[in-house]
Amino acid sequence: MNKFFIEGNEYSMMRLLSFISIVSALIVSGFTIVFVFLKTDITYIREMILLSGTLLGFGFGGKAIQKFGEAKNNE
């Protein structure tokens, strides 16, 4: 795990954080589906959908912004 904190190696902290965000969003989505089948209050389901979308947005968005920034620096 310490390898992700070292600068200039093949391990990428951004890749790790994106992976953790996306896996967390998938877990929350799974719980959301279970709550739908259990007919839980719609307020909780809406909040979980919002949380899942936010985690997915940060997971994919952070990596995309990093790639865009690296492409601009390499020109």
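The values are calculated or read from the model by the stated rules, or taken from the named source; none is laboratory data. Every value quoted in this text rests on a predicted model; they were computed, and no experiment measured them. FYI the Cβ positions are ideal-geometry reconstructions off the backbone, even for glycines, and counts take in every protein chain you see. Surface areas here come from the heavy atoms of the whole protein model, side chains and all, with no ligands, DNA or RNA. Shrake-Rupley method; radii C 1.70, N 1.55, O 1.52, S 1.80 Å.
Take the conditions (1) over 14 Å from the mean Cα position of the chain (by Cα); (2) hydrophobic (A, V, I, L, M, F, W, C); (3) at pLDDT 90 or above; (4) open to solvent by 100 Å² or more (accessible area, probe 1.4 Å); PHE68 misses just one of them, which is (3). The set of residues in segment 46-65 being among the β-branched types (Val, Ile, Thr) and at pLDDT below 90 consists of ILE65 alone.
Of everything in segment 48-60, what is of a type outside the set (S, T, N, Q) and surrounded by 13 or more Cβ atoms within 10 Å (Cβ to Cβ)? Give them in sequence order.
Restricting attention to segment 48-60, the residues satisfying the condition of being of a type outside the set (S, T, N, Q) are 48-51, 53, 55-60.
Those that are of a type outside the set (S, T, N, Q) and surrounded by 13 or more Cβ atoms within 10 Å (Cβ to Cβ): MET48, ILE49, LEU51, GLY53, LEU55, LEU56, PHE58, GLY59, PHE60.
Report yes if LEU38 is modelled with pLDDT of 80 or more and open to solvent by 90 Å² or more (accessible area, probe 1.4 Å), otherwise no. When the stated conditions are applied, LEU38 passes them.
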